[in-house]
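To start, the structure itself, in structure tokens.
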Amino acid sequence: MAARLLCGIFVGGQSRRMGGHPKGLLPAPKNAADSPAESTSAAPIAKKTTTLVGRLVAIAQGLDLPVCLVGQHAEYAGLGLSLLADQPPGRGPLGGLAALLGAARETGAEGAIALSCDLPFLGPRLLARLIAAPTEHSVAAAPLWQPADRDAPIWEPLCARYSIAFLPLLQQAMAQGARSLQPILSQAGTLPLALDSDEQAQVRDWDSPDDLPAELAAALPEALAAEWAARLRR
């Protein structure tokens, strides 16, 4: 029996602002698994999980989602998960999402969950909300909220659920030169999910060294740790 949804964790970015270190292989924060947001009936997160990707895999599998990685970074090859190449390459998350939805269609799934690899505080309750989101009348469901540094609300395209019906819309938008998922989600009639303050914290990513807690620097490769420490002193 085919799984209803395929979960794809996006690992294909070049991580330039992290000195090229794969963000998904950064150490998960120690307090993430102890957060109240993690309380759920899903299987507990394995204590041996120490990377951001490993933590997300454990959460997704605890909710009975099959998991793959979206991107072709060789550093992730040893994790025992299938790696999907972007379709087409060079289009960032749009190409990755097209590959994920194509893979979901091939397995007989009705859609996919797309997650960025650098979500250190995402909890199973929010992921379960995405899984349960009513999508009978929409081709996607995603958080819509306004971060403090933004002038208007934004979608969270890599913490979102997509139906297979989103794929032709995505492919058409790419053929027309689209480079961002934001307008595609707006035009597709995406179901917006409101976030409370705790859930807003869960969708904050680690995009640059400035986003990281200082105590994690010691667990990083020496050169990158020095770069982080220098940035954090500024």
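The values are calculated or read from the model by the stated rules, or taken from the named source; none is laboratory data. If you're wondering where the values come from, they're calculated on a predicted model, not measured in any experiment. When we count neighbours, we look across all protein chains shown, and the Cβ atoms used for this are built from the backbone with ideal geometry, even at glycine.
A compact table of results
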item: Test: residue in segment 135-144 that is aliphatic (A, V, I, L, M), under 17 Å from G24 (Cα atoms) and in a loop (DSSP other than H, G, I, E, B); result: no
item: Inter-residue pairs, beta-carbon under 7 Å, first more than 11 Å from R91 (Cβ to Cβ) and in segment 166-188, second β-branched (V, I, T) and surrounded by 17 or more Cβ atoms within 10 Å (Cβ to Cβ), 6+ apart; result: F166/V139; L169/V139; L169/I184; A188/V139
item: Residue check, A178 assigned to a loop (DSSP other than H, G, I, E, B) and modelled with pLDDT under 95; result: no
item: Residue in segment 107-134 that is nearest to the chain's Cα centre (by Cα), counting only those that are under 15 Å from D198 (Cα atoms), part of a loop (DSSP other than H, G, I, E, B) and of a type outside the set (A, V, I, L, M, F, W, C); result: P120
item: Residue match in segment 3-10 (condition: surrounded by 20 or more Cβ atoms within 10 Å (Cβ to Cβ), assigned to a loop (DSSP other than H, G, I, E, B), touching a Ser or Thr at 6+ places or on another chain (Cβ under 8 Å) and modelled with pLDDT of 85 or more); result: no
item: Residues satisfying the stated conditions in segment 72-90, i.e. more than 22 Å from L52 (Cα to Cα), surrounded by fewer than 16 Cβ atoms within 10 Å (Cβ to Cβ) and touching a residue at least 12 places away in the same chain (Cβ under 8 Å); result: P88
item: Failed criterion for D118 (all others in (1) surrounded by 23 or more Cβ atoms within 10 Å (Cβ to Cβ); (2) at pLDDT 95 or above; (3) not small (G, A, S) hold); result: (2)
item: Flag if G95 is under 15 Å from the mean Cα position of the chain (by Cα) and surrounded by fewer than 23 Cβ atoms within 10 Å (Cβ to Cβ); result: yes
item: Meets criteria (crowded, with 17+ Cβ neighbours inside 10 Å, charged (D, E, K, R) and modelled with pLDDT under 95) for D205; result: yes
item: Number of positions in segment 74-95 that are outside any loop (DSSP other than H, G, I, E, B) and among the small types (G, A, S); result: 4
item: Residue in segment 31-52 that is within 20 Å of D205 (Cβ to Cβ), modelled with pLDDT of 85 or more, of a type outside the set (D, E, K, R) and not in a loop (DSSP other than H, G, I, E, B) present; result: yes
item: Matching residues in segment 138-165 - criterion: being surrounded by fewer than 20 Cβ atoms within 10 Å (Cβ to Cβ), free of Cβ contacts under 8 Å to residues at least 40 places away in the same chain and either aromatic (F, W, Y) or under 17 Å from A188 (Cα atoms) (or both); result: P153, I154, A165
